[in-house]
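**Q** This is the structure I want to talk about, given as structure tokens.
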Amino acid sequence: MKSPQIYMTTLLFSLIASIITACSSGTGPISTPEPTQPKSFTEVVIFSVNDVHGRIYNFPKLKTLLDQEREKNDQVFFVSAGDLFSGNPIVDFHPDKGFPLIDLLSKTGLDVNVIGNHEFDYGQEALTARMNQASFDFVCYNVDGGSGALAEVPEYTLIEKGGVKIAFVGIVETSSPGGYPLTHPRKIEGLSFVDGNEGFSKFANLKNETGADLLVALTHQGEVSDEALLRANPFIDLVVGGHTNKEYGIAIGEDFMVMSGAHLETVGKTTIKLYEDGTTDFSWQLINLDNLSIAENSEIADLVEAYNNKPEFYEVIGNSAINHSRDETACFYTDALRQVSGSDFIIQNRGGVRANLDQGEVTPFDIYTIDPFGNGFETYEFTVGEMENVLESIPTSYSYSTHYNLIFQGDQIEIADADGNLLNDSTAVTLSINDYLTNVFSSLFDEPSYVFELTTADYLIEFFRSHAVVPVDYSGCTN
């Protein structure tokens, strides 16, 4: 018997001999595969913003950023995922409501914007006028009706740059009761809407029909709906979303979805490698414009300065003792309106308080930023039993102010006096409330007993002017 060492040596010589034999017999050694050649691709860049809400201060930086990229690449697109308006009094109170933003976006080279819910805040006539003034396209496939430019809003637009064609299809959210966008119901009378996700399969052949290289869903509905849209419609290459102000670039299978913050503080940059065989690779970068060290475009900077030259918005009308949180700001908001109105109750939807009341001097600019919607203000007379039903039935999150005590027992609310004694259901009370809520939840409200002449924001300004001596402080309030 061979020792293990002799056996292994014999096996090794046998293996070498078989290789030599194979070579001499013509079979040759095993060939090394040729290295794979990298696939050629076209690089496409899509800059995106969403939920700008009238903020214009970063446009000089944005213009420089875009121009620098355009110098390097012919395939640079710039898109907006909706909610251009409501949030900056310089824009909201311009004689042509919203025009400063339209002007700056046009001069910056925006290609397309999907209509967001707050595009309707100024009313259909104003929106139509702004659409006619814009040098960029508006898209939205799930709205119908209206007149003028609004009646002719295309479902999608096809944009070509450097030989690359992209089809942008628009969707607006419909999460308000009745399947409408979250805006004042009076502003969308005559318009009809459908769920944007349900019928999107109609665009399955859009790339073939138009010769587009990419199909981008430009949406204003939030990340949950966007992910559902992308998973249900794999023919979509990219979803550029807005509405919920998130910051992300996420791969869903072979496709991608992005959202880029809000208020033009940030801009998203999606880079797409578009290969000859139609496949794609995505990468995403969030660029913080506030922190970006870049030269400002002087022409745009001068234009922004000119728009901001409105001294009436910067008159000091009062002071805030602290940096209020959003809940504390809502407490100030409802308590101030209760003092102005003299009513027993104030209700304010939390989504209608759009900014915080910061420490220091307070100006009309601050108040119109907190409350940008121009809502009317109304008073209603109820019994305690009816008032309890209203408090229990409004499904949206709200803040309130009252000199009574509210006792919460599960889903039920009871009203008590300062000593905790329950009020009789027939006791008369008054509620003052914005007319957005009374129109959205119209089944809870009949005719108001009184309609105020001014908007809720105007009455907040009046409150400050009459209480300017005492700094506002709602520390710890969460009503």
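The values are calculated or read from the model by the stated rules, or taken from the named source; none is laboratory data. Here the structure is a predicted model, which is why all the values come from computation and not from measurement. Here the Cβ is made from the backbone with ideal geometry for all residues, glycine too, and neighbour counts use every protein chain on show.
**Q** At least 3 residues that are modelled with pLDDT of 95 or more and among the aliphatic types (A, V, I, L, M) in each: list the strands (runs of 3 or more DSSP E) lying fully within region 111-187 that qualify.
**A** 164-172
**Q** Being under 17 Å from ASN349 (Cβ atoms), touching a residue at least 24 places away in the same chain (Cβ under 8 Å), out of contact with any Leu (no Cβ under 6 Å at 6 or more places or on another chain) and surrounded by fewer than 18 Cβ atoms within 10 Å (Cβ to Cβ) is true for just one of THR438, THR396. Which residue is that?
**A** Within the list THR438, THR396, the selection yields THR396.
**Q** So, one more: Identify, from the list GLU414, GLU462, GLU453, the residue that is part of a loop (DSSP other than H, G, I, E, B) and among the acidic types (Asp, Glu).
**A** Just one listed residue meets the conditions, GLU453.
**Q** Restricting attention to region 240-255, and to residues there that are among the charged types (D, E, K, R) and either at pLDDT below 95 or on the phi > 0 side of the Ramachandran plot (or both), which single residue is surrounded by the most Cβ atoms within 10 Å (Cβ to Cβ)?
**A** Residue satisfying both the conditions and the ranking: ASP255.
**Q** Has region 166-173 got any residue that is of a type outside the set (A, V, I, L, M, F, W, C) and surrounded by fewer than 16 Cβ atoms within 10 Å (Cβ to Cβ)?
**A** Taking every residue of region 166-173 in turn, none turns out to be of a type outside the set (A, V, I, L, M, F, W, C) and surrounded by fewer than 16 Cβ atoms within 10 Å (Cβ to Cβ).
**Q** Residues SER442, SER426, SER449: which one is within 30 Å of the chain's Cα centre (by Cα), of a type in the set (S, T, N, Q) and not assigned by TED's automatic domain parsing to the domain that holds TYR180?
**A** So the residue among SER442, SER426, SER449 that is within 30 Å of the chain's Cα centre (by Cα), of a type in the set (S, T, N, Q) and not assigned by TED's automatic domain parsing to the domain that holds TYR180 is SER442.
**Q** Out of THR219, THR244, I need the residue that is part of a strand (DSSP E or B), closer than 29 Å to SER86 by Cα, in the same structural domain as GLY196 (by TED's automatic domain parsing) and under 12 Å from the mean Cα position of the chain (by Cα). Which one?
**A** Result: THR219 is the single residue among THR219, THR244 that is part of a strand (DSSP E or B), closer than 29 Å to SER86 by Cα, in the same structural domain as GLY196 (by TED's automatic domain parsing) and under 12 Å from the mean Cα position of the chain (by Cα).
**Q** Restricting the first residue to region 140-156 and requiring it to be under 14 Å from SER192 (Cα atoms) and in contact (Cβ under 8 Å) with a residue 24 or more places away in the chain, which pairs with a second residue that is of a type in the set (Ser, Thr, Tyr) and outside any loop (DSSP other than H, G, I, E, B) meet a Cβ separation below 7 Å and a spacing of at least six or different chains?
**A** Once the first residue is under 14 Å from SER192 (Cα atoms) and in contact (Cβ under 8 Å) with a residue 24 or more places away in the chain and sits in region 140-156, its partners that are of a type in the set (Ser, Thr, Tyr) and outside any loop (DSSP other than H, G, I, E, B) give TYR141/TYR156; ASP144/SER192; GLY145/SER192; LEU150/THR128.
**Q** Would it be correct to say that PRO100 is within 30 Å of GLU312 (Cβ to Cβ) and surrounded by 22 or more Cβ atoms within 10 Å (Cβ to Cβ)?
**A** Criteria met by PRO100.
**Q** Considering only region 453-465, I want to know if a residue exists there that is in contact with an Asp or Glu (Cβ under 8 Å, 6 or more places away or on another chain), loosely packed, with under 15 Cβ neighbours inside 10 Å and free of Cβ contacts under 8 Å to residues at least 60 places away in the same chain.
**A** No, there is no match, as no residue in region 453-465 is in contact with an Asp or Glu (Cβ under 8 Å, 6 or more places away or on another chain), loosely packed, with under 15 Cβ neighbours inside 10 Å and free of Cβ contacts under 8 Å to residues at least 60 places away in the same chain.
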